[in-house]
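Working notes, beginning with the structure itself.
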Amino acid sequence: ARVPMHLRKLLLRGLAGAPADRYPDMDALLADLARDPAARRRRVLAIGAGVLVLGGVAAAVLARGSGGDPCAAADAPLDRVWNPYAELGMRVAFAASGVPNQAAAFDHATAAIGDRVGELRAARREACVATAVRHEQSADLLDRRMACIDDVAGQLSSAIGLLSEHPNADAVTRAPDAVRSVRSVAPCADRQSLLSGDPQPTSPPLIAAVAALRGQLDRAEALDDLGEIANAETSFAALIPQADRLGVGSLRLRARYGDANALEGLAKYSLAVDRFRETAELAATLHDDEIVAQSWNIVYVLVGFQLGKLDEAKALEPVAAAAVARAGGTPALTGQLEGARG
């Protein structure tokens, strides 16, 4: 479990069943061993690229175009998220788990991963085409769309990583649903939401710090999805002060919302109510109406049902209903509210 991921990938390639998938000779293996991904990551972060983020300079290049397809490589970063070696690593981990249904769970999980990666590829290409081909959006909006898409890709990558690290029986069983629960890429095409979000960091130290925190949040969310709720809650609680120090609103909100959900999953209902109230207040200042509504819906049902404080819950009902209405009264939010009333 302590073997670095880049060495794990080299080992898995060397152990591949088909000769064509293994190294052709020792020189090729030595060349890969000589590479230091950690040093490369440090160089990438130092110039402000961030993990999987396209960035403003690249956006300008894409917008300028070339003789060929200016968006031909727009989805290339997704090759790092899901590739034959990542799939092989996950297959080996599932097989080693000894879970009776591991083969079926692996097939369902990898099918779900393929679907999600396909959505991400299409989203990256569409974002590029909107700027470089149709010229209907700015380079800044392209950067924001790509950053949003790559946040989703990061969450998916974290789930894949955890499923390749000696998953237990619960994680193997939950794997397909955990992959499907990775947040939707659809909001990454919402122009108004993107432009009203956090400004893109520009200084290399802040870019590096934000990328690192996002990765930690991705991992905590994946832990929660895979049923390791106690570990997830510990991670979220530790990340809240880090997010506050960075001052990036969306990350502060993710840390609190994740911690609140984990506390609910651990049946720590009073603590969860306090954290959801805090989350709703922060979400309101950030104009994230959907999280405000979700938070008040959950507070309403926790207070009334789990804690049995019916009078207090009745007083919360109009608050939750108003929040749902403000968020557009979507079927999901309305159904959540009606479930709480029931």
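The values are calculated or read from the model by the stated rules, or taken from the named source; none is laboratory data. Treat the numbers as computed from the prediction; the structure is a model and nothing was measured. Neighbour counts are summed over all protein chains in view; Cβ atoms, including those assigned to glycine, are modelled from backbone coordinates with ideal geometry. Protein only, heavy atoms only, side chains kept; ligands, DNA and RNA dropped before computing areas. Shrake-Rupley method; radii C 1.70, N 1.55, O 1.52, S 1.80 Å.
If you scan segment 262-292, which residues turn out to be over 25 Å from ALA147 (Cα atoms), in a helix (DSSP H, G or I) and in contact (Cβ under 8 Å) with a residue 12 or more places away in the chain?
The first filter runs over segment 262-292 and keeps only residues over 25 Å from ALA147 (Cα atoms), leaving 262-278, 281.
Imposing the further condition that a residue be in a helix (DSSP H, G or I) reduces the set to 262-265, 269-278, 281.
Scanning segment 262-292 gives ALA262, LEU263, GLU264, GLY265, TYR269, SER270, ALA272, VAL273, ARG275, PHE276, ARG277, GLU278.
Cβ contacts < 7 Å: first residue exposed (fewer than 15 other Cβ atoms within 10 Å of the Cβ), restricted to segment 230-255; second residue among the charged types (D, E, K, R), any location; separation 6+ or different chain. Result?
As it stands, the answer is ASP244/ARG252, since those pairs meet every condition given.
Find all pairs meeting these conditions: Cβ atoms under 7 angstrom apart; at least six residues apart or on different chains; first residue within segment 132-152 and closer than 18 Å to ALA212 by Cα; second residue at pLDDT below 85 and among the β-branched types (Val, Ile, Thr).
Note: pairs meeting the criteria are MET146/VAL53; ALA147/VAL53; ASP150/VAL53.
If you scan segment 7-27, which residues turn out to be surrounded by 10 or more Cβ atoms within 10 Å (Cβ to Cβ) and either aliphatic (A, V, I, L, M) or farther than 16 Å from VAL92 by Cα (or both)?
Result: LEU7, LEU10, LEU11, LEU12, LEU15, ALA16, TYR23.
Inside segment 101-122, can you point out the residues that are of a type outside the set (A, V, I, L, M), within 26 Å of PRO187 (Cβ to Cβ) and free of Cβ contacts under 8 Å to residues at least 60 places away in the same chain?
Our first condition is that a residue be of a type outside the set (A, V, I, L, M); within segment 101-122, this holds for 101-102, 106-108, 110, 114-116, 118-119, 121.
Checking the rest, the ones that are also within 26 Å of PRO187 (Cβ to Cβ) come to 108, 110, 114-116, 118-119, 121.
Hits for segment 101-122 are THR110, GLY114, ASP115, GLY118, ARG121.
Do we find a residue being in contact (Cβ under 8 Å) with a residue 24 or more places away in the chain, open to solvent by 20 Å² or more (accessible area, probe 1.4 Å) and among the aliphatic types (A, V, I, L, M) anywhere in segment 215-227?
no
Could you say which residue among GLY114, GLY98, GLY161 is open to solvent by less than 30 Å² (accessible area, probe 1.4 Å) and either farther than 24 Å from ALA212 by Cβ or of a type outside the set (Lys, Arg) (or both)? Spell out how you get there, then give the answer.
Working: GLY114 fails: open to solvent by less than 30 Å² (accessible area, probe 1.4 Å); GLY98 fails: open to solvent by less than 30 Å² (accessible area, probe 1.4 Å).
Matching residue, one of GLY114, GLY98, GLY161: GLY161.
Limited to segment 208-254, what total is found for residues that are closer than 26 Å to GLU281 by Cβ and in a loop (DSSP other than H, G, I, E, B)?
Within segment 208-254, residues that are closer than 26 Å to GLU281 by Cβ and in a loop (DSSP other than H, G, I, E, B) number 2.
So is ASP190 open to solvent by 10 Å² or more (accessible area, probe 1.4 Å) and out of contact with any helix residue (DSSP H, G or I) (no Cβ under 7 Å at 6 or more places or on another chain) or not?
On the way: open to solvent by 10 Å² or more (accessible area, probe 1.4 Å): yes; out of contact with any helix residue (DSSP H, G or I) (no Cβ under 7 Å at 6 or more places or on another chain): yes.
Considered against the rule, which asks whether it is open to solvent by 10 Å² or more (accessible area, probe 1.4 Å) and out of contact with any helix residue (DSSP H, G or I) (no Cβ under 7 Å at 6 or more places or on another chain), ASP190 comes out as yes.
Pairs, please: C-beta under 8 Å, at least 6 apart or cross-chain, first residue closer than 11 Å to ARG144 by Cβ and in segment 179-200, second in a loop (DSSP other than H, G, I, E, B) and at pLDDT 80 or above?
Pairs found: ARG191/GLN137; SER196/HIS287; ASP198/VAL248.
To keep it simple, each residue is scored yes or no on (1) modelled with pLDDT under 90; (2) out of contact with any Cys (no Cβ under 7 Å at 6 or more places or on another chain).
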| site | (1), (2) |
| --- | --- |
| LEU194 | yes, no |
| THR202 | yes, yes |
| PRO205 | yes, yes |
| ALA209 | no, yes |
| ALA212 | no, yes |
| ARG219 | no, yes |
| ALA230 | no, yes |
| PHE236 | no, yes |
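Only one of ARG134, ARG124, ARG174 is more than 22 Å from ASP244 (Cα to Cα), assigned to a helix (DSSP H, G or I), open to solvent by 40 Å² or more (accessible area, probe 1.4 Å) and out of contact with any Lys or Arg (no Cβ under 6 Å at 6 or more places or on another chain); which? Let's see the steps before the verdict.
Numbers: ARG134 fails: assigned to a helix (DSSP H, G or I); ARG124 fails: open to solvent by 40 Å² or more (accessible area, probe 1.4 Å).
Matching residue, one of ARG134, ARG124, ARG174: ARG174.
Could you please tell me which pairs satisfy a Cβ distance under 7 Å, a separation of 6+ or placement on different chains, a first residue in segment 318-342 that is touching a residue at least 12 places away in the same chain (Cβ under 8 Å) and more than 18 Å from SER193 (Cα to Cα), and a second residue that is among the hydroxyl-bearing types (Ser, Thr, Tyr) and in a helix (DSSP H, G or I)?
Listed pairs, sorted by first residue: ALA320/TYR300; ALA340/TYR300.
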